[in-house]
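What follows is a set of notes on a single structure, which appears directly below.
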Amino acid sequence: MFRHQGKARTFLHNLRLAALLSLVAGIVNITGVLALKTLTTNVTGHFAYFAEEIMRKDYAIAVTFLVFTLCFLLGSFTANTVVEIVLQKRPRLAHVVPIAIEVILLVGVALFFGNTDIYAWHGKTEAFLLLFAMGMQNSLVTKVSQSTVRTTHLTGLFTDLGIELSQLFFYKKTEQQIKLKSNIYLRLSIISFFFAGCVLGGFAYSYLKIKTLLIASFVLIIALFYDYLRLKFFSITRKTH
């Protein structure tokens, strides 16, 4: 799911990656909205909020929205930098370190922060950390899948889905239809699991509040162990044969 690169990577690898990490993004998304009343998985809306606060001359909160976008950018930069450094020494661990950092951030927010809003300093810090974590996740997923999968926002996915649904009427060759249908299935899977994460997170939030993020952390840990166990299984199988 994480380890396979280049030609060794298959549609099934991308599908597993998309399903698990879009579920995580959905949980973080709804938790951020309910706990902080702001977006914590993407930055598109924050540019609009930034412009709105500039027009209102509320420069302090405008800067906050600008920092939100920079935190997502910094998370993306950090994830790729970590991957490139680890690849040089321990290629098999290249994906583990960014995911581990993301888990630590989500657990930290879940255990040490609470319900607030972005007008309070601890609320700003909470949003900064979640956006940084989601920037890391989106960068890692994009790199691993060779820009095939993105999990933290849906705008581009719906655009691609609309294009590919339209192309079904015009590209009639068998190989073209197979590729289009695979892409459409992948997009729908990401959208579905993101939505499922939002619904699951919304129900869990009623009982767990900000600790709902622990569920997202648990899913990430499952993803890491799944990848590790599959590697061990295939290693043992090769040795046996």
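Observations
- Residue tally, condition hydroxyl-bearing (Ser, Thr, Tyr) and either assigned to a loop (DSSP other than H, G, I, E, B) or under 15 Å from residue 30 (Cβ atoms) (or both), over the stretch 119-156: 6
- Conditions (1) surrounded by fewer than 13 Cβ atoms within 10 Å (Cβ to Cβ); (2) under 18 Å from residue 15 (Cβ atoms); (3) hydrophobic (A, V, I, L, M, F, W, C): number failed by residue 186: (1)
- Residue satisfying condition, being in a helix (DSSP H, G or I), in contact with a Gly (Cβ under 6 Å, 6 or more places away or on another chain) and among the hydrophobic types (A, V, I, L, M, F, W, C), within set 54, 27, 61: 27
- Among the residues listed as 93, 66, 74, 17, the single one being surrounded by fewer than 21 Cβ atoms within 10 Å (Cβ to Cβ), among the aliphatic types (A, V, I, L, M) and under 17 Å from the mean Cα position of the chain (by Cα): 74
- So residue 48, is it under 30 Å from residue 199 (Cα atoms), over 21 Å from the mean Cα position of the chain (by Cα) and surrounded by fewer than 21 Cβ atoms within 10 Å (Cβ to Cβ): yes
- The set of residues in the stretch 115-141 that are hydroxyl-bearing (Ser, Thr, Tyr) and touching a Gly at 6+ places or on another chain (Cβ under 8 Å) comprises 116, 139.
- Residue 161, sole failed condition from (1) surrounded by 19 or more Cβ atoms within 10 Å (Cβ to Cβ); (2) modelled with pLDDT under 95: (1)
- Hits in the stretch 200-241 (condition: farther than 20 Å from residue 129 by Cβ, surrounded by 13 or more Cβ atoms within 10 Å (Cβ to Cβ) and modelled with pLDDT of 95 or more): 200, 202
- Every residue from the stretch 119-149 that is of a type in the set (Gly, Ala, Ser), more than 20 Å from residue 62 (Cβ to Cβ) and surrounded by 18 or more Cβ atoms within 10 Å (Cβ to Cβ): 133, 135, 139, 145
The values are calculated or read from the model by the stated rules, or taken from the named source; none is laboratory data. For clarity, every value in this text was computed on a predicted model and none was experimentally measured. All Cβ positions, even for glycine, are placed from backbone atoms using ideal geometry, and neighbour counts span all protein chains on display.
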